[in-house]
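Colleague: Sharing a structure here in structure tokens format.
Throughout, read-outs are computed from the coordinates displayed, never taken from laboratory work. Every value quoted in this text rests on a predicted model; they were computed, and no experiment measured them. Note that each Cβ is placed from the backbone with ideal geometry, even for glycine, and that neighbours are counted across all protein chains shown.
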Amino acid sequence: MAVKSFKTFEEDSNILDDLESLGIEKHKGWIVCTMGYYDSEAGAEIHGVVARNIPEACQMILSEMAFSEEAIEEAKKVEDFSDLSDIIENEMGFGARHWLIEVYDDLKPRKSESVSLLIDWTNPVMAVKDLKYLFSNVDDIMLKSYGPK
């Protein structure tokens, strides 16, 4: 039997499916778009996230946004990304509003490692490059969302 390299292992969907059947979660990808309002200032963020599950992805986003350890711990209990907005509002206090605008899922990570990247959406060329760095099928997702009907 030939020894498989790690690169071959990452690209072998049969092996990855076997791991999932054993209860070992493989990494998934999401693009998470949010908008917030605090003290009369509004802002929007786009996060490219590769993680094993949604709670881990939320923890990474909160960590990237420099939230407290308590908020990051609370993210372990989330069931979907809409809970992320509640954690952010609770952490920021009165006068803060935070909305989940859009979540793109079914993204295929290029690497099996957890990472969260804040996407600079003010520079569209770099935003696309960053997303393509993280996900191999980002073109398919964008065409499905914004392509010709």
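Colleague: Arrange the peptides 110-118, 83-91, 53-61, 65-73 so that the one whose residues have, on average, the most other Cβ atoms within 10 Å appears first.
Modeller: Top to bottom by mean Cβ count within 10 Å: 53-61, 83-91, 110-118, 65-73.
Colleague: Now for a separate question. In nm, what is the difference between 0.36 nm times the number of residues separating ASP80 and SER145 and their Cα-Cα distance? Walk me through the numbers before you get to the answer.
Modeller: On the way: separation 65, 0.36 × 65 = 23.40 nm, distance 2.05 nm.
Contour length minus the Cα-Cα distance gives 21.4 nm.
Colleague: Using R₀ = 30 Å, calculate the FRET efficiency as 1/(1 + (r/R₀)^6) where r is the Cβ-Cβ separation of LYS129 and ASP39; round to 0.05.
Modeller: It comes out at approximately 0.35.
Colleague: Of LYS77/LYS108; LYS76/LYS129; LYS111/LYS132, which pairs sit farther than 22 Å apart, going by alpha carbon to alpha carbon?
Modeller: LYS77/LYS108; LYS76/LYS129
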